[in-house]
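Asks: Before I ask anything, let me first share the structure, which is written out below as structure tokens.
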Amino acid sequence: MSQTPADYSGPQRVLSGMQPTGQLHLGNYLGALKNWVSLQDDGAWDCFYCVVDMHAITMPHDPALLPDSVRSAAAAYIASGVDPSKSAIFAQSAVRAHAELAWIFNCVARLGWLERMTQFKDKAGKDKERASVGLFTYPVLQAADILVYKATHVPVGEDQKQHLELCRDIAARFNRDYGKGEAIFPTTEPVIQGPGARIMSLRDGSAKMSKSDVSDNSRINLDDDADKIAKKIKKAKTDPEPLPATVEELDKRPEASNLVGIYAALTGTSKADVLGEFGGEGFGKFKPALADVAVQYLAPISDEYRRLIGDKAEIDRVLAAGAEQASEVAEPVVAEARKLVGFWG
Ligand code: AQP
């Protein structure tokens with residue numbers, strides 16, 4: 001993995017987060033969570049994994065449900081292998097420093113930079129005048145989430161690439177304007193890797209698998225049981241042709257490519273390896289094999305999720321300890337930024 005620039009001598013830290021906007025799914029797992037766990041287990045980084053509830057309110061939401069949605073996301077992190085004894089797991093809103101640094105960064109980022117963000121355009125839809133200002137400045141808060149820990153590495157799915165470039169621009173501009181060129185904030189490296197970096201909807205190979213898709217059959221949720229997983233894979237959209245022999249031919253068939261990519265990501269192989277085994281076979285043979293692999297891999301995660309979600313007190317204890325640990329790192333960073341911009345006290 002690439003290292004941060006030589007002019008940054010701070011600790012190597014990892015930060016990432018997910019929105020509590022619905023049940024986490026296979027895309028969240030293969031695109032991000034799986035890499036969170038590898039980085040944690042590598043032991044070379046201090047890892048901070050938050051549930052980004054402040055981002056969740058950029059779209060319409062039910063306040064009464066938000067705390068339980070945060071617990072649900074935290075339970076999914078732990079069930080997926082994020083270990084609270086190795087990584088800080090916390091709610092973003094419990095660490096006030098995120099919001100304070102976001103305001104400073106709102107005054108560093110340029111309007112033109114944000115206007116180029118494609119996720120805002122996708123999420124705001126046609127009527128962008130009615131979108132919240134928070135949705136527009138979402139990537140600035142995301143930069144604050146990362147840089148309030150001076151995180152050097154951020155494991156995410158491919159859809160977050162543009163936001164991470166903005167984070168690097170904000171860090172560079174802050175360092176230039178307030179740090180006299182010194183690397184106050186690091187140039188964060190995205191960690192986007194493997195065939196799971198972009199998992200598509202099971203109903204539409206051109207749309208990413210998403211929590212907010214109205215069709216539950218479009219995704220495999222991390223709390224789906226074996227039966228549901230198998231049914232969703234059986235129903236997944238495909239084409240009538242058998243699987244091809246080469247990745248080049250597969251790339252022209254989005255739905256087939258997605259299922260082969262999922263198989264590769266779950267088995268730790270490549271699309272070429274999967275085609276080596278299944279090239280020439282129809283979906284009547286491939287789908288049951290994929291269902292077996294998915295059930296084998298995901299059943300322990302969904303079992304553990306269901307156990308944890310029944311123990312609210314345990315989840316709340318983990319979140320409180322994580323917030324304390326995160327605040328200890330974030331507070332001095334925000335104090336340094338406050339001083340550099342000339343704030344009072
Ligand atoms: N389909 C995907 N394939 C690979 N990675 C994905 N991620 C999301 N979807 C896929 C990665 O998961 C992390 C958390 O995402 P998020 O919860 O912050 O929001 P999102 O990217 O907007 O995810 P969703 O599921 O599409 O949520 P909604 O529907 O609420 O907008 C990120 O690292 C992301 O890259």
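Asks: I need the trypsin sites (Lys or Arg not before Pro) found in the stretch 236-328, filtered to DSSP loop residues with at most 14 other beta carbons within 10 Å of theirs.
Replies: Working: sites: Lys237, Lys252, Lys271, Lys285, Arg306, Arg307, Lys312, Arg317; in loops: Lys237, Lys252.
Qualifying residues, ordered by number: Lys252.
Asks: Evaluate the charge dipole of the chain about its Cα centre and quote only its size in Debye, nearest 20, assuming +1 on the Cβ of each Lys and Arg and -1 on the Cβ of each Asp and Glu.
Replies: Numbers: 40 positive and 47 negative charges, 150 e Å.
It works out to roughly 720 debye.
Asks: Go through the stretch 246-345 and name the GluC sites (Glu not before Pro) that are in a DSSP coil and have 14 or fewer other Cβ atoms within 10 Å of their Cβ. Don't jump to the answer; show the numbers that get you there.
Replies: Details: sites: Glu248, Glu249, Glu255, Glu277, Glu281, Glu304, Glu314, Glu324, Glu328, Glu336; in loops: Glu281.
Within the stretch 246-345, the qualifying GluC sites (Glu not before Pro) (loop, at most 14 other Cβ atoms within 10 Å) are Glu281.
Asks: So what's the gap between the Cα centers of the stretch 139-170 and the stretch 26-43, to the nearest angstrom?
Replies: One Cα centre to the other: 17 Å.
Asks: Leaving out ligands, DNA and RNA, and with a 1.4 Å probe, what % of the accessible surface on the chain is carbon or sulfur? Intermediate results must be reported in sequence, preceding the final value.
Replies: Numbers: 8160 of 15850 Å².
Ligands and nucleic acids excluded, carbon and sulfur reach 51 percent.
Asks: Work out how much length Asp62 to Asp303 would gain on full extension: take 0.36 nm times their residue separation and subtract the Cα-Cα distance, in nm to one decimal. Walk me through the numbers on the way to the answer.
Replies: Details: separation 241, 0.36 × 241 = 86.76 nm, distance 2.72 nm.
Between Asp62 and Asp303, full extension yields 84.0 nm more.
Asks: When only DSSP loop residues count, what trypsin sites (Lys or Arg not before Pro) in the stretch 123-177 have their Cβ near at most 14 other Cβ atoms within 10 Å?
Replies: Numbers: sites: Lys123, Lys126, Lys128, Arg130, Lys150, Lys161, Arg168, Arg173, Arg176; in loops: Lys126, Lys150.
Listed in order of number, the matching sites are Lys126.
Asks: Label the stretch 242-284 by shape, choosing from rounded, prolate and oblate, from the square roots a ≥ b ≥ c of the eigenvalues of the Cα gyration tensor; if a/c is under 1.5 it is rounded, and otherwise prolate applies when a/b is larger than b/c, oblate when it is not. Walk me through the intermediate numbers first.
Replies: Details: a/c = 1.40, a/b = 1.27, b/c = 1.10.
Cα axes put the stretch 242-284 in the rounded bin.
Asks: Sticking with this one: Counting only helical runs of four or more DSSP H residues, what would the 222 nm mean residue ellipticity of the chain come to if each run contributes -39,500 (n - 2.57) and the total is spread over all its residues? The partial results should precede the final answer.
Replies: Values: 14 runs with 175 residues, N = 345.
That calculation yields -16000 deg cm²/dmol at 222 nm.
Asks: I'd like to know which of Thr187, His163, Ala245 lies farthest towards the positive end of the charge dipole of the chain, counting +1 on Cβ of Lys and Arg and -1 on Cβ of Asp and Glu.
Replies: Projecting each Cα onto the dipole axis, the largest value belongs to His163.
Asks: Work out which chymotrypsin sites (Phe, Trp or Tyr not before Pro) in the chain are exposed loop sites (DSSP not H, G, I, E or B, at most 13 other Cβ within 10 Å) and give the longest gap free of them. Before the final figure, lay out the partial values.
Replies: Numbers: sites that count: Phe343, Trp344.
Longest stretch, sites excluded: 1-342.
Asks: Mind running the shape call on the stretch 1-159? Use the C-alpha gyration tensor, a ≥ b ≥ c as the square roots of the eigenvalues: rounded below 1.5 for a/c, prolate if a/b tops b/c, oblate otherwise.
Replies: Because a/c hits 1.5 or more and a/b fails to exceed b/c, the stretch 1-159 counts as oblate.
Asks: Using the Cα centre of the stretch 98-143 as origin and beta-carbon charges of +1 (Lys, Arg) and -1 (Asp, Glu), tell me which of Ala102, Trp113, Tyr138 is placed farthest towards the positive end of the dipole.
Replies: Checking the options against the dipole of the stretch 98-143, the answer is Trp113.
Asks: With the cut-off at 31 Å, tell me which of the pairs Lys123/Lys235; Lys121/Lys237; Lys123/Lys232; Lys180/Lys211; Lys150/Lys237 have Cα atoms farther apart than that.
Replies: Details: Lys123/Lys235 27 Å; Lys121/Lys237 27 Å; Lys123/Lys232 26 Å; Lys180/Lys211 43 Å; Lys150/Lys237 42 Å.
Going by Cα-Cα distance, Lys180/Lys211; Lys150/Lys237 fall outside the 31 Å limit.
Asks: Using a 1.4 Å probe, what is the accessible area per residue for the chain, in Å²? Spell out each step's value before the answer.
Replies: Working: 15850 Å² over 345 residues.
Value returned for the chain: 46 Å² of accessible area per residue.
Asks: Over what distance in Å are the Cα centres of the stretch 221-252 and the stretch 275-313 separated?
Replies: 12
The values are calculated or read from the model by the stated rules, or taken from the named source; none is laboratory data. This is a predicted model, so every value here is computed, not measured. Glycine also receives a Cβ, built like all others from the backbone with ideal geometry; neighbour counts cover every protein chain displayed. Keep in mind that these areas ignore ligands, DNA and RNA; they rest on the heavy atoms of the full protein, side chains included. Shrake-Rupley method; radii C 1.70, N 1.55, O 1.52, S 1.80 Å.
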